[in-house]
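See below for the structure under consideration.
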Amino acid sequence: MLDERIAKFPPRTSKTISYRESGAGQSLVLLHGIGSSSASWLCQLESLKGYRLIAWDAPGYGESEFLPAASPRASDYAQALHEFLERLLLKDVVLVGNSLGCLMATAYAAAHPERVRSMVLLGPAGGYGALPDREEKLRGRLQQLEELGPEGLARERSPTLVANPAAGLPAGGALPGARAPGGGCAQVREEGADCLRQRGPHHAGGELQAACGGISARRVSNAARHRPRAARRGAGADQPADRRLRAAIAPTS
């Protein structure tokens, strides 16, 4: 059943990048997290109307080719994203990132703020860079992958990543709605806002939505064309992921 639904959005190819697409209207670029793919945005591809949804397979995922660098940085993925969007002639986008995809989104916004209308960051990944036991954690994750395999690791980690089990998401499924400890949300929101306003008057105005369990908003410019409807009381983690995303990108009437 799931495979049949995904098959309705067959992968397309733009040079080295594969992606899935649906709809028409304002462009929403969907950036998945680690161990995921464009198929993880299936619910959004099916249900979000009035937008052009473009869900890429990041370099090294799906049918996309690997980046040349052995240890690529967020800026390398941002450059690959820039080249991809250039080929699609997209210069005014809403970036929607999940987990690791949030790092790619903010890196792209820092490099090209004039092209980013707004950002929605869902369950942003904090990374291990500043932790003293970084290498130990990385070795542990690689050992888990070797022992359990990709499917086993997905089954084991999904319950800790998917918010609100009562929402009816299938166990072990790679669907969006990731959850992160709320304590890191403010920092991610501030860093994302800095990326959007980094070039001051060169940025046309935008807004950042960060969801770490719930959704909080940061208005970057008075010229922003989206308002923080999802930041209202009650628009938090108890809502299905597609409803929260729909609220976050709802245009001002």
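Quick check: is even one residue across the range 27-36 at pLDDT 95 or above, surrounded by fewer than 22 Cβ atoms within 10 Å (Cβ to Cβ) and not in a strand (DSSP E or B)?
Taking every residue of the range 27-36 in turn, none turns out to be at pLDDT 95 or above, surrounded by fewer than 22 Cβ atoms within 10 Å (Cβ to Cβ) and not in a strand (DSSP E or B).
On the given criteria, is S64 in contact with a Ser or Thr (Cβ under 8 Å, 6 or more places away or on another chain), polar (S, T, N, Q) and assigned to a loop (DSSP other than H, G, I, E, B)?
Numbers: in contact with a Ser or Thr (Cβ under 8 Å, 6 or more places away or on another chain): yes; polar (S, T, N, Q): yes; assigned to a loop (DSSP other than H, G, I, E, B): yes.
In short, yes.
How about the range 106-149: which of its residues are part of a helix (DSSP H, G or I) and touching a helix residue (DSSP H, G or I) at 6+ places or on another chain (Cβ under 8 Å)? Reasoning before the result, please.
So in the range 106-149, the residues part of a helix (DSSP H, G or I) come out as 106-111, 113-115, 134-149.
T106, A107, Y108, A109, A110, A111, P113, E114, R115, Q144, L145, L148, listed by residue number.
Would it be correct to say that Y61 is at pLDDT 95 or above, surrounded by fewer than 22 Cβ atoms within 10 Å (Cβ to Cβ) and over 13 Å from the mean Cα position of the chain (by Cα)? Walk me through it before giving the result.
Numbers: at pLDDT 95 or above: no; surrounded by fewer than 22 Cβ atoms within 10 Å (Cβ to Cβ): yes; over 13 Å from the mean Cα position of the chain (by Cα): yes.
Judged against the criteria, Y61 is not a match.
Within the range 86-109, count every residue that is surrounded by fewer than 22 Cβ atoms within 10 Å (Cβ to Cβ) and either within 23 Å of A24 (Cβ to Cβ) or in contact with a Cys (Cβ under 7 Å, 6 or more places away or on another chain) (or both).
Number of matching residues: 7.
Under 9 Å by Cβ, and 6 or more places apart or on different chains, what pairs join a residue from the range 5-33 that is free of Cβ contacts under 8 Å to residues at least 40 places away in the same chain with one that is part of a loop (DSSP other than H, G, I, E, B) and surrounded by fewer than 16 Cβ atoms within 10 Å (Cβ to Cβ)?
Close Cβ pairs (under 9 Å, with a partner that is part of a loop (DSSP other than H, G, I, E, B) and surrounded by fewer than 16 Cβ atoms within 10 Å (Cβ to Cβ)) amount to R20/P10; S22/K8; G23/K49; G23/G50; A24/G50; G25/K49; G25/G50.
Can you pull out every residue in the range 74-105 that is under 20 Å from Y51 (Cβ atoms), touching a residue at least 60 places away in the same chain (Cβ under 8 Å) and not in a helix (DSSP H, G or I)?
L88, L90, D92, V93, V94, L95, V96, G97, N98
Which is in contact with a strand residue (DSSP E or B) (Cβ under 9 Å, 6 or more places away or on another chain) and at pLDDT 95 or above, of L89, L122, L103, L85? Please lay out each step first, then the result.
On the way: L89 fails: in contact with a strand residue (DSSP E or B) (Cβ under 9 Å, 6 or more places away or on another chain); L122 fails: at pLDDT 95 or above; L103 fails: at pLDDT 95 or above.
Just a single option satisfies the conditions, and that option is L85.
Does A39 satisfy the condition of being in a helix (DSSP H, G or I) and buried (at least 19 other Cβ atoms within 10 Å of the Cβ)?
Working: in a helix (DSSP H, G or I): yes; buried (at least 19 other Cβ atoms within 10 Å of the Cβ): yes.
Considered against the rule, which asks whether it is in a helix (DSSP H, G or I) and buried (at least 19 other Cβ atoms within 10 Å of the Cβ), A39 comes out as yes.
Among (1) surrounded by 19 or more Cβ atoms within 10 Å (Cβ to Cβ); (2) more than 13 Å from the chain's Cα centre (by Cα); (3) not in a strand (DSSP E or B), there is one condition R20 misses while meeting the rest; what is its number?
For R20, the exception is condition (3).
Exactly one condition in (1) more than 14 Å from the chain's Cα centre (by Cα); (2) under 14 Å from R20 (Cβ atoms) is not met by S38; state its number.
Among (1) more than 14 Å from the chain's Cα centre (by Cα); (2) under 14 Å from R20 (Cβ atoms), the lone unmet condition for S38 is (1).
The values are calculated or read from the model by the stated rules, or taken from the named source; none is laboratory data. Quick caveat: nothing in here was measured; it's all calculated off a predicted structure. Heads up, the Cβs are rebuilt from the backbone with ideal geometry, glycines too, and the neighbour counts pull from every protein chain shown.
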